[in-house]
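> Handing you a structure now.
The values are calculated or read from the model by the stated rules, or taken from the named source; none is laboratory data. All values reported here derive from a predicted model rather than from experimental measurement. FYI the Cβ positions are ideal-geometry reconstructions off the backbone, even for glycines, and counts take in every protein chain you see. Surface areas here come from the heavy atoms of the whole protein model, side chains and all, with no ligands, DNA or RNA. Shrake-Rupley method; radii C 1.70, N 1.55, O 1.52, S 1.80 Å.
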Amino acid sequence: MGILSFASMKPITASTHLAPPSMKSLFKTLRIFIGILFGGFTASIVLLFAAYLYLEPQLPSVQSLKDIRLQVPLRVYSRAGSLVAEYGEKRRSPVKYADLPPQVIHAFLAAEDDRFFQHPGVDYQGILRAAFELIRTGQKRQGGSTITMQLARNFFLSREKTYTRKLKEIFLALKINRELTKQEVLDLYLNKIYLGNRAYGVGAAAQTYYGKDLGHLNLAQIAMIAGLPKAPSRDNPIADPRRALVRRNYVLGRMHALGYIDDQNYAAAVKQPVTASLHALSIGVEAPYVAELVRADMVERYGADAYTAGYRVYTTLDDGLQQAANRSLRDDLLAYDRRHGYRGAVRRIDPASLPDPKALDAALGNVPAVSGLEPAVVRSVHDHAAELYLGGGHSGALDWSGLSWARRYIGVDQLGPVPEQASDILAPGDVVYVAHQADGSLILAEPPAVQGALVSLDPRNGAVQALAGGFDYYQSNFNRVVQAQRQPGSSFKPFIYSAALHKGFTAATLINDAPLVFNDPALENMWRPENYSGRFHGPTRLREGLVHSLNLVSIRVLRAIGVDYAIDYVKRFGFAADRLPHNLSLALGSASVTPMEMARGYAVFANGGYRVDPYYIQRVVGANDQVVFQAQPLVACQTDCNGQTPAARTVGTTAITSGDGAAGAAVPAAPLVAPPVSAVQPPAPASDLPSAPPAAPAQVRIAPQAISAQNDYIMVSMMQDVIRRGTGKRARVLKRNDIAGKTGTTNDQRDAWFCGFNPDLVTIAWVGFDQPAPLGHGETGARAALPMWIEFMGTALAKVPDRPIAQPPGIVTVRIDAQTGVPTAPDNPDAMFEIFRSRYAPGQQPGRQRPEWRGGPPGSGRLPEQLF
């Protein structure tokens, strides 16, 4: 091997050192990349600016952002504020930001946008994180939408997934952030967001899933709701409890990580089970027939906005009285149904399935509950009892006291034999209805085929206190109070008698109660009206004719005063003339009227003689808490109102007088068509009815006087006798001295009525079939309808003291002979006292009688009649 010397080596100099070519290329590439980035950034800014200029005109205006209106449903309340009904496609209960529990805000921030209070509506960090994740994995694992962007999308934009829509969302979010405060944004978002099962907003979600107000939810429940915006339809705790639980615990974990909750609260909340279930709307008072009236009125007034503009309608309903009306009507109709026998099981199932609760639950699921009546399956039958399956694993028993009434229905007047054992009535596999009695026991029942109606109003102003339009609204929404035009029968007689008093009759006028035959082609070739009892009483005082509801007395009275006169007079009470028959059958109540119209008519008697109009809407409040409508009803003022005295007001073609003074000027009659009952706008006085001059809102709108105070006082006295000793004497059970009324029964007992009142309340009860048919022998107003009235008024007046009616001036009391109606001496065994208007009082000398009494009122002559 050779030896290399240092001398042979060449020194390394700068001229011999060369830089690597790759470094130059790297620097050059970096400069180009930076240039491209800058150019791309500049181009992006230009493009974004151009996009903004292009899209900005399409964005909602600033004013529309500030005037965002939530679609809040129409809600109907009672006078006391109890919820009656809600109408609208979306369930929403707006909650103001100031009223939101802090945990609700924290939960949504943790779940959706933890930097909400830091970013300007668009979280660039979040967008970059989402973009990086998309580039890294090719999957969209993180969302970049802020709460403000979600708000923009939910309020104004479509759900289409395009770049244009995303840009609009970003620009609109920036605009919202500029125009609204963070608190306003959260307020809108938490009230707008869809949270599944028709619930929009956190308030509605709390009610839908937990049946509570938002402030009563625990931490786990709040987190469950906060987890819903991601997939409200798929991952809600009703649709998929498992996925909802995972999402809830994620929200709790985020709240814990962000410091909103401590270790202890976090640990306790994640251990909570899923407690959500669908909760129906919590109705405070059941009044679906009134709710429907209100709904129709509001739609007529506001159109489709009625369902979305957040109107709150406060009705005139009294909670307690409405509940009493529902109960009284149902009890009465069920009692009628039991009197006429049992029609049998609803359906039958295979007895082989009786041991299987799931099969029984499925069978019961096809039979709806009806107005307090629950379906049940008969599992076994014993001698005098039956075992029932009530559903949901619950059982019950029917003993003989709940079964023995059920004689087989054959016809309205025909029943099968009295049952001797339970097997005469039921068999295993029968699906039947039962009702719970006050002592907790069960009684066999069935939805009645017969129907009824009850309406009660304040006679001083016409405010409807309670209204039940049928046995069950969800079986039949036909509102019999305002839609059923039926014959009132004898309950119409007081209006005829009032007309007679006005024309000069007195309560002591003698009318011959004897057979009568008419040859009237408008009625029948030979019309032979009869009294219900089939008996005749001869000469009868007018008071007794009404007390005992004598048809022949009423017909003779109507013939004496004239049908045309009577129709013109009856219009004072608000009845439509075109539905009043122009013949003598009017005396027997052959007109077509609704229970509401009868309530308006009887209110005249109850309030001292003034005609008020029924109304049921007290006020309407808008979404901004401003009152947009306030009822101004006509008020029966018996004392000075707005500086006017009742004596100055008249109605009808004949003047009304306050006493024996000169009659006031005659005025036209009431309108031919009764004014509508609707109260969205208070019924305006008819153009041909006298009314007070236009008054300021704070002033009272004075009701027109329909009949004189003296006429009213005598009529009320006569109708009080109907209860004391006449056809309404069952009402004496109430032990009151201030109630008055009249029974009503039509031909073949097709309609049964009781119309009664005291100075505080007018109540009308009606019973009949929707398709007119006989109710059955003996089913008169006193038997079929009066018990409903008694039960209701017993509740309504339980704590109301007796209110005797004050005697008006112009009334005198005279001792008369009960048989002849003429003044008599104190020692007459048939002596009694009667009240008269001063101008028509008989002479004070015993035994003497005014000549005009012998055949009828002054100027009438003797009543023509054909006796046999």
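> List every residue whose amide H lies under 5 Å from the amide H of Arg541, counting only residues 5 or more places away in sequence or on a different chain, with H placed 1.01 Å from N in the peptide plane.
Amide H to amide H, under 5 Å and 5 or more residues apart or across chains, Arg541 pairs with Ile511.
> What nm distance separates the two modelled labels at Val274 and Asp625, each placed 7 Å from Cα along Cα→Cβ?
It works out to 3.8 nm between the two label points.
> Percent of accessible area on the range 436-559 owned by carbon and sulfur, 1.4 Å probe?
Taking all protein chains in place, the range 436-559 shows 46 percent carbon and sulfur surface.
> Where Rh denotes the Kirkwood radius from the mean inverse Cα pair distance, what is Rg over Rh for the range 441-511?
1.17
> Which of the aspartates and glutamates could a cross-linker bridge to Lys168, judged by Cα under 13 Å and excluding same-chain residues fewer than eight apart?
Cross-link targets: Glu56, Glu160.
> I've got another one for you. Evaluate the range 158-303: find the radius of gyration of its Cα atoms, find its Kirkwood radius, and give the ratio Rg to Rh.
Checking Rg against Rh, the ratio lands at 1.06.
> Let me ask another. Taking θ as phi - 60°, what are the ³J(HN,Hα) couplings along the range 315-320 by the Karplus curve (6.51, -1.76, 1.60), each to the nearest whole Hz, with x for Gly and Pro?
8, 8, 5, 9, 3, x
> Per residue, how large is the accessible surface of the range 220-329? Use a 1.4 angstrom probe and give square angstrom.
In whole numbers, the range 220-329 has 44 Å² accessible per residue.
> Give a residue-ordered list of calculated ³J(HN,Hα) values for the range 452-458 (Karplus: 6.51 cos²θ - 1.76 cosθ + 1.60, θ = phi - 60°; whole Hz; x for Gly, Pro).
Couplings: x, 8, 9, 9, 9, 9, 7 Hz.
> A follow-up question, please. Greater than 22 Å separation of Cα atoms is the criterion. Which listed pairs, Lys493/Lys735; Lys571/Lys735; Lys192/Lys212, meet it?
Lys493/Lys735; Lys571/Lys735, as the Cα separations exceed 22 Å there.
> Residue-wise, which Karplus ³J(HN,Hα) couplings in Hz belong to the range 220-225, taking 6.51 cos²θ - 1.76 cosθ + 1.60, θ = phi - 60°, and x for glycine or proline?
5, 5, 4, 5, 4, 5
> Each label point is 7 Å from the Cα along the Cα-to-Cβ direction; what then is the distance between the points at Tyr124 and Leu258, in nm?
So the label points at Tyr124 and Leu258 sit 2.2 nm apart.
> For the range 537-621, what does the accessible surface come to per residue with a 1.4 Å probe? Please give it in Å².
Averaged over the residues of the range 537-621, the accessible area is 19 Å².
> Gap in Å between the Cα centre of the range 387-433 and the Cα centre of the range 727-797?
Measuring centre to centre over Cα atoms gives 30 Å.
> Please label the shape of the range 261-366 as rounded, prolate or oblate, based on the square roots a ≥ b ≥ c of the eigenvalues of the alpha-carbon gyration tensor (a/c under 1.5 means rounded; beyond that, a/b larger than b/c means prolate, else oblate).
In terms of gyration-tensor shape, oblate.
> Take the alpha-carbon centre of the range 528-581, take the same for the range 183-197, and report the distance between them in whole Å.
Measuring centre to centre over Cα atoms gives 65 Å.
> Classify the range 477-523: rounded, prolate or oblate, from the alpha-carbon gyration tensor (a ≥ b ≥ c, eigenvalue square roots; a/c under 1.5 rounded; otherwise prolate if a/b is larger than b/c)?
Oblate, because a/c is 1.5 or more while a/b does not exceed b/c.
> What translational diffusion coefficient, to the nearest whole µm²/s, does the range 477-595 have by Stokes-Einstein, given a Kirkwood radius computed over alpha-carbon pairs, a temperature of 10 °C and 1.306 mPa s viscosity?
108
> Which value, in Å² rounded to 10, gives the accessible area of Trp405 with a 1.4 Å probe and all protein chains present?
The accessible area comes out at roughly 40 Å².
> Which distance in nm do the two modelled labels at Thr29 and Gln807 give, with both placed 7 Å along the Cα-to-Cβ direction?
My value for the distance between the label points is 12.0 nm.
> Got the relative contact order for the range 358-418 handy, in percent, Cα pairs under 8 Å and 6 or more residues apart? Write out the running numbers ahead of the final one.
On the way: 67 pairs, mean separation 11.7, N = 61.
RCO, the range 358-418: 19 percent.
> For Ala385, list long-range residues whose amide hydrogen, built 1.01 Å from N in the peptide plane, is under 5 Å from its own amide hydrogen.
Counting only residues 5 or more places away or on other chains, the set is Ala422.
> At 0.36 nm per residue, minus the direct Cα-Cα distance, what do His777 and Val246 gain on full extension? Give it in nm, one decimal, please.
184.4 nm
> May I pose another question? If you roll a 1.4 Å probe over the heavy atoms of the protein chains, what accessible area per residue do you get for the range 358-479, in Å²?
Solvent-accessible surface per residue comes out at 42 Å².
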